[in-house]
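Visitor: Structure provided below as structure tokens; questions to follow.
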Ligand code: GLU
């Protein structure tokens, strides 16, 4: 069997970190099994679905490296949903209902007031032909409900949650189509999963009750349900579902100079029994992907952890990986000297500026200026060498008797304008002898 997963966002907004995690897991599982990953745009809501979001979803997935093998849109399939609805009508598995939203609300309130669960009472199933004609004469249009089979308990073995059991009598017959003819999510999704050969539905545990209903839809449509894996939800550091997570997406990660590899490495592992590790390639993450390692407790998403992981990943990036994003003239040798100092890729420009200059040197005490004048002279006289820094500091130590910090710090400050930074031994050759002499001259003046 060829594995096929799908990621099914509604293009009514941007992807947030929770969606991204679901997309990633679907993609990873498909990759691990040599299967196919489908991007299905759930755009049945014509009013709220926007083309700009469709494009943003594609762009975000591409930036993360989660390219889809296939793309489908629900808005192109309305005829198919209609056709399947007709089959369900013929089989007596759907029925029209005429209650208004207010009437339904009132029913629920009464049930709750009596301490009963607010399950739809199926009053519409008892409507006579006359009552229906009367509603139609009033201009009322029906919405449609799927009739659950109360005689057949719903069970499945969830790849993450284990054995699941639902009593259909404790669920409301779901509305599948509204009065205005628009579709609710439930039935089109099941039809698509069947038609598109989806073998595994991987999604958040907020969909568990939907799965119970959809399993009966699969059977009513004459198909075996796919396998399901419902993952625990993502929570913020405060341990709650936070609004903040709902607004954190690729654009905010990019603004914070987070690499896609960091997001992938973190979201692949949080909520699982495997540790979060700084890896620049996705293959080792795919190799260890296993639903059995997913926990039932919510996965905690910590922005601080992401920033730290990002830094570690930046330190592992090879010149080839980042070449196109480096300032003009910055070569592999310069990258190797600079990268251990980076918090994120945004810092590159700052360090490259230290190499190319100009640097602004703090005011130095007179004795350091004297020392730097000697340094200038010493450097001027030094022969070209691979160990310019060692030769310079060695000669200066001998000439001035300085050692340790008083020897190194004024030099670093004069040459870089900073108190900290890359290993001077590696940095000085990048700055070059000419520029170094000019900086020492300025600082000692
Ligand atoms: N469009 C649905 C959602 O975003 C899809 C859920 C599913 O994966 O079936 O919640």
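The values are calculated or read from the model by the stated rules, or taken from the named source; none is laboratory data. Since the model is a prediction, treat every value here as computed from it, not as a measurement. Here the Cβ positions follow ideal geometry from the backbone for every residue, glycine too, while neighbour counts run over all protein chains shown.
Visitor: Return the residue satisfying two criteria in turn: it lies in the stretch 207-244 and is part of a helix (DSSP H, G or I) and away from the ligand (no atom under 15 Å from the Cβ), and of such residues it is surrounded by the fewest Cβ atoms within 10 Å (Cβ to Cβ).
Guide: That would be 243.
Visitor: Picking from 411, 428, 440, which residue would you name as being more than 39 Å from the chain's Cα centre (by Cα), free of Cβ contacts under 8 Å to residues at least 40 places away in the same chain and crowded, with 16+ Cβ neighbours inside 10 Å?
Guide: 411
Visitor: Would you confirm, using the coordinates I've provided, whether residue 268 is in contact with a helix residue (DSSP H, G or I) (Cβ under 8 Å, 6 or more places away or on another chain), surrounded by fewer than 13 Cβ atoms within 10 Å (Cβ to Cβ), touching a residue at least 12 places away in the same chain (Cβ under 8 Å) and part of a helix (DSSP H, G or I)?
Guide: Judged against the criteria, residue 268 is not a match.
Visitor: Kindly list the number of the only condition in (1) within 16 Å of the ligand (Cβ to nearest atom); (2) more than 20 Å from residue 283 (Cα to Cα); (3) surrounded by 17 or more Cβ atoms within 10 Å (Cβ to Cβ) that fails for residue 98.
Guide: (1)
Visitor: Restricting to the stretch 241-272, name every residue that is touching a strand residue (DSSP E or B) at 6+ places or on another chain (Cβ under 8 Å) and farther than 22 Å from residue 13 by Cα.
Guide: Within the stretch 241-272, 270, 271, 272 qualify.
Visitor: Could you check the stretch 2-24 and list, in sequence order, the residues that are within 17 Å of residue 159 (Cα to Cα) and in a loop (DSSP other than H, G, I, E, B)?
Guide: 3
Visitor: When you go through 63, 27 one by one, which is the residue that is within 15 Å of the ligand (Cβ to nearest atom) and assigned to a helix (DSSP H, G or I)?
Guide: The match here is 27.
Visitor: Let me ask you something else. Quick one: which of 198, 191 is part of a loop (DSSP other than H, G, I, E, B) and within 14 Å of the ligand (Cβ to nearest atom)?
Guide: Among 198, 191, only 198 is part of a loop (DSSP other than H, G, I, E, B) and within 14 Å of the ligand (Cβ to nearest atom).
Visitor: Could you tell me whether the stretch 142-164 includes any residue that is in a helix (DSSP H, G or I), at pLDDT 95 or above, away from the ligand (no atom under 16 Å from the Cβ) and surrounded by fewer than 21 Cβ atoms within 10 Å (Cβ to Cβ)?
Guide: Checked the stretch 142-164: no residue is in a helix (DSSP H, G or I), at pLDDT 95 or above, away from the ligand (no atom under 16 Å from the Cβ) and surrounded by fewer than 21 Cβ atoms within 10 Å (Cβ to Cβ).
Visitor: A follow-up question, please. Would the stretch 7-20 turn up any residue that is within 16 Å of the ligand (Cβ to nearest atom), surrounded by fewer than 22 Cβ atoms within 10 Å (Cβ to Cβ) and under 16 Å from residue 195 (Cα atoms)?
Guide: No, the stretch 7-20 has no match at all.
Visitor: Which condition breaks for residue 81 when tested against (1) assigned to a helix (DSSP H, G or I); (2) under 20 Å from residue 282 (Cα atoms); (3) touching a helix residue (DSSP H, G or I) at 6+ places or on another chain (Cβ under 8 Å); (4) within 16 Å of the ligand (Cβ to nearest atom)?
Guide: Only one criterion is unmet by residue 81, namely (2).
So that you can scan it fast, the table gives a plain yes or no per residue for (1) under 21 Å from residue 230 (Cα atoms); (2) without any contact (Cβ under 8 Å) to a residue 60 or more places away in the chain; (3) in contact with a helix residue (DSSP H, G or I) (Cβ under 9 Å, 6 or more places away or on another chain):
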residue: 4; (1), (2), (3): yes, no, yes
residue: 44; (1), (2), (3): no, no, yes
residue: 52; (1), (2), (3): no, yes, no
residue: 55; (1), (2), (3): no, yes, no
residue: 58; (1), (2), (3): no, yes, no
residue: 63; (1), (2), (3): no, no, yes
residue: 72; (1), (2), (3): no, no, yes
residue: 89; (1), (2), (3): no, yes, no
residue: 111; (1), (2), (3): no, yes, no
